[in-house]
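Colleague: Attaching a single structure in structure tokens format; questions to follow.
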Amino acid sequence: MNTRHPIPVIVNGAAGKMGREVVKAVANAKDMTLLGAIDRNPDFIGKDAGEVAGCGPLEVPITSEHESMLAFAAQEKQPAVMVDFTHPKSVYDNVRAAIAYGIRPVVGTTGILPAQIQELAEFAEKASIGCLIIPNFSIGMVLLQQAAVAACKYFDHVEIIELHHNQKVDAPSGTAIQTAQLLAEMGKTYNPPQVEETEKLAGARGALANENIRIHSVRLPGLIAHQEVIFGAPGQIYTLRHDTTDRSCYMPGVLLAIRKVLELKTLVYGLEKIL
């Protein structure tokens, strides 16, 4: 990799809340340059990505032409990176197209299915192209998950509550699913039944993840992204909680992922794998 040239970055979903933060972060990073901005919202097509993001003009107009932008980026001397914060229904095709053009994807969109991740991993490995899928870019969340894994050795009962803004389309969140997966991988089944439960309303006890872990989702305006992992035992409750108060907290993780994905030759899932 020729480090004398800044890393060309395309932001897919540039007019969204997370996309705008990424545009600002990339514009302020000395080792990166905003090569392109993509969004399907017709209200923003043709507008300057920097002005939409609130960081001043960058002379990068927002376009809806995804493949044309990938083809343009493929001509760069320096390997380019596509940061994707779009929609679960489009992210698979976005990532596959990027890999086909030799563009390294960094994915923050959640809701992508495990089978799709496996297919993308195989495609990336065949192409020897790095790809990062990150359910949560917050370093604080990684620390919460590590603490939860440590705690589960001593607690047999655990439930997860995740709370997000009411414009989030997928539930449970990718972060909550990943947290449950990490706990399930510890080789034990949680929440041994004490009584025969009956749900008077379907879903009252939440979604059932692997190893009998319950996940509860809350969607309300005023929230951003929050998660609790609650462990219970006779005479005590142990609660781990992470609160996002501003989306800027994700940007150190996003910038780290942009730099690290250039070193990879396959798909990697989770921020903790590159810290």
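Colleague: Could you please tell me which pairs satisfy a Cβ distance under 9 Å, a separation of 6+ or placement on different chains, a first residue in region 184-206 that is open to solvent by less than 70 Å² (accessible area, probe 1.4 Å), and a second residue that is acidic (Asp, Glu) and assigned to a loop (DSSP other than H, G, I, E, B)?
Modeller: Within 9 Å, the pairs are LYS188/ASP156; TYR190/ASP156; ASN191/ASP156; PRO192/ASP156; ARG205/GLU197; ARG205/GLU199.
Colleague: I've got another one for you. For region 140-172, how many residues are touching a helix residue (DSSP H, G or I) at 6+ places or on another chain (Cβ under 7 Å) and in a strand (DSSP E or B)?
Modeller: 3
Colleague: Go through region 92-139 and count every residue that is part of a helix (DSSP H, G or I) and at pLDDT 95 or above. Write out each step before concluding.
Modeller: Initial filter on region 92-139 (part of a helix (DSSP H, G or I)): 92-100, 114-127, 139.
Those left that are additionally at pLDDT 95 or above: 92-100, 115-127.
Residues in region 92-139 being part of a helix (DSSP H, G or I) and at pLDDT 95 or above: 22 in total.
Colleague: From the list GLU263, GLU211, which one is of a type in the set (D, E, K, R) and on the phi < 0 side of the Ramachandran plot?
Modeller: Numbers: GLU211 fails: on the phi < 0 side of the Ramachandran plot.
So the residue among GLU263, GLU211 that is of a type in the set (D, E, K, R) and on the phi < 0 side of the Ramachandran plot is GLU263.
Colleague: Can you spot a residue in region 60-76 that is within 19 Å of CYS131 (Cβ to Cβ), surrounded by fewer than 17 Cβ atoms within 10 Å (Cβ to Cβ), touching a Gly at 6+ places or on another chain (Cβ under 6 Å) and small (Gly, Ala, Ser)?
Modeller: Within region 60-76, one or more residues are within 19 Å of CYS131 (Cβ to Cβ), surrounded by fewer than 17 Cβ atoms within 10 Å (Cβ to Cβ), touching a Gly at 6+ places or on another chain (Cβ under 6 Å) and small (Gly, Ala, Ser).
Colleague: Within region 128-142, work out how many residues are more than 16 Å from the chain's Cα centre (by Cα) and surrounded by fewer than 15 Cβ atoms within 10 Å (Cβ to Cβ).
Modeller: 1
Colleague: Return yes when ALA98 is open to solvent by less than 10 Å² (accessible area, probe 1.4 Å) and either within 23 Å of ILE177 (Cβ to Cβ) or over 14 Å from the mean Cα position of the chain (by Cα) (or both) and no when it is not. Steps first, answer last, please.
Modeller: Numbers: open to solvent by less than 10 Å² (accessible area, probe 1.4 Å): yes; either within 23 Å of ILE177 (Cβ to Cβ) or over 14 Å from the mean Cα position of the chain (by Cα) (or both): yes.
Judged against the criteria, ALA98 is a match.
Colleague: A further question follows. Collect the residues in region 229-252 that are in a strand (DSSP E or B) and either within 18 Å of the chain's Cα centre (by Cα) or exposed (fewer than 13 other Cβ atoms within 10 Å of the Cβ) (or both), keeping them in residue-number order.
Modeller: Going residue by residue through region 229-252, those that are in a strand (DSSP E or B) are 229-233, 236-244.
Passing the criteria: ALA233, GLN236, ILE237, THR239, ARG241, HIS242, ASP243, THR244.
Colleague: Give me the residue from region 158-167 that is more than 25 Å from GLN236 (Cβ to Cβ) and at pLDDT 95 or above and, out of that set, most open to solvent (accessible area, probe 1.4 Å).
Modeller: ASN166
Colleague: How many residues does region 224-246 hold that are in contact (Cβ under 8 Å) with a residue 60 or more places away in the chain and over 17 Å from CYS152 (Cβ atoms)? Walk me through how you get there before you give the answer.
Modeller: Quick first cut of region 224-246, residues in contact (Cβ under 8 Å) with a residue 60 or more places away in the chain only: 224-233, 238, 240-242, 244.
Adding the requirement that they be over 17 Å from CYS152 (Cβ atoms) leaves 224-226, 244.
Final tally of qualifying residues: 4.
Colleague: Only one of GLU119, GLU21 is among the acidic types (Asp, Glu) and open to solvent by less than 50 Å² (accessible area, probe 1.4 Å). Can you tell me which? Before you say what the answer is, go through the steps one by one.
Modeller: Working: GLU119 fails: open to solvent by less than 50 Å² (accessible area, probe 1.4 Å).
On inspection, the qualifying residue turns out to be GLU21.
Colleague: Every residue in region 52-89 that is in a helix (DSSP H, G or I) and touching a residue at least 24 places away in the same chain (Cβ under 8 Å), please. Write out each step before concluding.
Modeller: Narrowing region 52-89 to residues in a helix (DSSP H, G or I): 52-53, 66-73, 88-89.
Within region 52-89, VAL52, ALA53, HIS66, GLU67, MET69, LEU70, ALA71, PHE72, ALA73, PRO88 meet the criteria.
Colleague: To continue, here is another question. Does region 196-228 hold any residues that are part of a strand (DSSP E or B) and of a type in the set (Ser, Thr, Tyr), and which are they?
Modeller: Filtering region 196-228 down to residues part of a strand (DSSP E or B) leaves 207-209, 213-219, 225-228.
SER217 - this is the single residue of region 196-228 that is part of a strand (DSSP E or B) and of a type in the set (Ser, Thr, Tyr).
Colleague: Something else: Taking region 24-52 only, how many residues are over 18 Å from GLU65 (Cα atoms) and open to solvent by 40 Å² or more (accessible area, probe 1.4 Å)?
Modeller: Final tally of qualifying residues: 7.
The values are calculated or read from the model by the stated rules, or taken from the named source; none is laboratory data. Since the structure is predicted, the reported quantities are computational estimates derived from the model, not experimental observations. Backbone-built Cβ (ideal geometry, glycine too); neighbour counts: all protein chains shown. Ligands, DNA and RNA are stripped out before the accessible areas are found, and what is left, the full protein with its side chains, is counted by its heavy atoms. Shrake-Rupley method; radii C 1.70, N 1.55, O 1.52, S 1.80 Å.
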